[in-house]
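The block underneath contains the structure these notes are about, expressed in structure tokens.
The values are calculated or read from the model by the stated rules, or taken from the named source; none is laboratory data. Computed from a prediction, not measured in an experiment: that's the story for all the values here. Note: ideal-geometry Cβ built from the backbone for every residue, glycine included; neighbour counts use all protein chains shown. Calculation scope for accessible area: heavy atoms of the full protein, side chains included, ligands and nucleic acids excluded. Shrake-Rupley method; radii C 1.70, N 1.55, O 1.52, S 1.80 Å.
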Amino acid sequence: KRIHDFHIGNLKIGVSNTLCKYVLLPYLKGFIGKYPHVNIAIESQSTYQTLDMLDARKIDIGLVAEPKNRKGLHFQPLMEISDIFVCTPAYLENLHLREGNDPDIFKTGNIMLLNRSNMSRKHVDAYLSDNQIEINQILETTDMELLIEFSRIGLGIGCVIKDFIEDDLKNGTLIEIPLDIPIPKRVIGFCYHPQDVPDTLREFLEFCRTFRKA
């Protein structure tokens, strides 16, 4: 094949570490397999930074939770995610031994959350506020991956994305703490400017629409 027969394009994607690892990677792998000559750059950053860079036209596309204010951006949904509270069976057993059989986890447990600047944390804070839930002891971290690891080692009760820990729930490493009112689900998808969509971006969006993860 001669070089001019290859499709050579550029694609700059903004995405958080968590969404890159758990959502974007399979799509990227499939897309690169089909279009190996596309130059892809990944800006790994917070959702707020991704939306700011989209605004400034410094990236082509962002993978984010659906923003309330789209600022003229188009949003292509990809999947729904659920935020849940989890801990190890041993942590819950020790909590029961210490506090009795029906403890209020928010008053008695070590609740582990992302820090306040994170969009996932703002979503959870809104849920806590709407349901008048107060937490006595909070451990904060900057990273969902760490939150999941902290939960796995029994450090406390972590608020994590259910879709990213399905194996832990299946094999019993972690258990979900049932809530009287579940945290509302969120939609993850691609944000981009609908005007002047470059060919490479159009191909990527079309690929993601039809792609099925193995």
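Dipole size in debye (nearest 20) for region 20-64 around its Cα centre, Lys and Arg Cβ +1, Asp and Glu Cβ -1?
Values: 5 positive and 4 negative charges, 48 e Å.
Charge dipole of region 20-64: 220 debye, to the nearest 20.
Each of Glu93 and Lys58 was given a label point 7 Å from its Cα along the Cα-to-Cβ line. The distance between the two points is 5.0 nm. May I ask you to derive the FRET efficiency for Leu25 and Asp180 from their Cβ-Cβ distance with R0 = 25 Å, giving the value to the nearest 0.05? For Leu25 and Asp180, the calculated efficiency is 0.10. Label separation (Arg209 vs Gln195): 2.2 nm, computed from points 7 Å beyond Cα along the C-beta direction. Backbone amide hydrogens, once placed in the peptide plane, bring Leu139 within less than 5 Å of Ile111, Met112, Leu113, excluding anything fewer than 5 places away on its chain.
Kindly provide the Kirkwood hydrodynamic radius of region 1-82 in Å, to one decimal, from all pairs of distinct alpha carbon atoms.
For region 1-82, the Kirkwood estimate is 13.9 Å.
Based on Cα atoms of region 106-160, Rg over Rh with Rh as the Kirkwood radius reads 0.95. In this simple spin-label model, placing a label point 7 Å from the Cα along the Cα-to-Cβ direction at both Gln137 and Lys71 gives a separation of 4.0 nm. Only the Cβ atoms of Lys and Arg (+1) and of Asp and Glu (-1) were treated as charged; on that basis the dipole of region 110-183 about its Cα centre amounts to roughly 120 debye. Find, among the GluC sites (Glu not before Pro) in region 71-159, those assigned to loop by DSSP (not H, G, I, E, B) with at most 10 other beta-carbon atoms within 10 angstrom. Passing sites in region 71-159 are Glu134.
Is any helix in the chain, taking whole DSSP H runs, at least 27 angstrom long along its axis by alpha carbon and on average at least -0.5 on the Kyte-Doolittle scale, and which ones? Show your work: numbers first, answer last.
On the way: long enough: none.
None clear 27 Å together with a mean of -0.5.
Ranking of Arg70, Arg116 by solvent-accessible surface, largest first: Arg116, Arg70 (1.4 Å probe, protein heavy atoms only, all chains present).
Grab the beta carbon distance between Ser82 and Ile40, set R0 = 35 Å, and tell me the FRET efficiency rounded to 0.05.
Details: r = 29 Å, r/R0 = 0.83.
It comes out at approximately 0.75.
Report, for the chain, the % of DSSP beta bridges that are antiparallel, rounded to 5. Mind showing how you got there, number by number?
Numbers: 17 of 33 bridges.
Antiparallel: roughly 50 percent of the beta bridges in the chain.
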